[in-house]
Structures are given as C-alpha cells and as structure tokens.
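Okay, structure first, notes after.
Taken together, the values in this text are just the output of simple stated rules run on the coordinates, not laboratory data. All of these numbers come straight from a predicted model, not from anything done at the bench. Glycine also receives a Cβ, built like all others from the backbone with ideal geometry; neighbour counts cover every protein chain displayed.
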C-alpha cells in the first residue's frame, strides 16, 4: 500500500481515468482507495491528508468517468 498526499493521488489518477484503465475502485472507511484495473492488476493508496469533501469530489469524478466506486463503511459490532 502506498501512503500518499491527496494531491499526489489525484495526479496519479488523472492519466488512468483518461485512458479508461480503472475498472473499479473501492474506498474504505479509513480513506484507503483500492483501484482495480482492466488488466486485473490493483493498487492501494492510503490518503493521509484530505477531507471527506475532497474524497467525495474524487468519487464523483471517477463515477463520471465510468468507474464503479464501492464505498465501505465501518461496521458497528
């Protein structure tokens, strides 16, 4: 897993969205994004400096680019 700043994550994400390379994304309750690519590979990012609004904006942008985003919530056991 890569720990990264939000701006670095966005810069990494841009070319993958432009090339329709991301098949699916999931976001955990702990702000961990896992990207699954059309070739079967995946990459996980722990984003350490962003707000929930920034994450929501990113999710909306990904969905507008045809990426299915799965949001995981904390379970209350």
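Each label was represented as a point 7 Å from its Cα along the Cα-to-Cβ direction; for residue 65 and residue 49 these points are 2.1 nm apart.
Largest mean-square fluctuation among 53, 30, 63, in a Gaussian network model of the chain whose springs join Cα atoms under 10 Å apart, belongs to 53. When 62, 1 are sorted by how many other C-beta atoms sit within 10 angstrom of their C-beta, beginning with the fewest, the order is 1, 62.
For P(r) over Cα pairs in 5 Å bins from 0, in percent, the candidate list reads [x] 3, 15, 29, 29, 16, 5, 2, 1, 0; [y] 3, 11, 11, 9, 9, 10, 8, 7, 8, 11, 10, 4, 1; [z] 3, 13, 17, 16, 14, 11, 9, 6, 5, 3, 1, 1, 0; the entry that matches the value derived from this model is [x]. Of the residues 43, 14, the one with the fewest other Cβ atoms within 10 Å heads the list, and the complete ranking is 14, 43.
When 10, 22 are arranged by Cβ crowding within 10 Å, least crowded first, meaning fewest neighbours, the order is 10, 22. With 0.36 nm allotted per residue and the present C-alpha distance subtracted, the residue 42-residue 17 stretch has 7.6 nm of extension available. Our helix-only sum for the chain, with -39,500 (n - 2.57) per DSSP H run of n ≥ 4 divided by its residues, gives a mean residue ellipticity at 222 nm of -10500 deg cm²/dmol.
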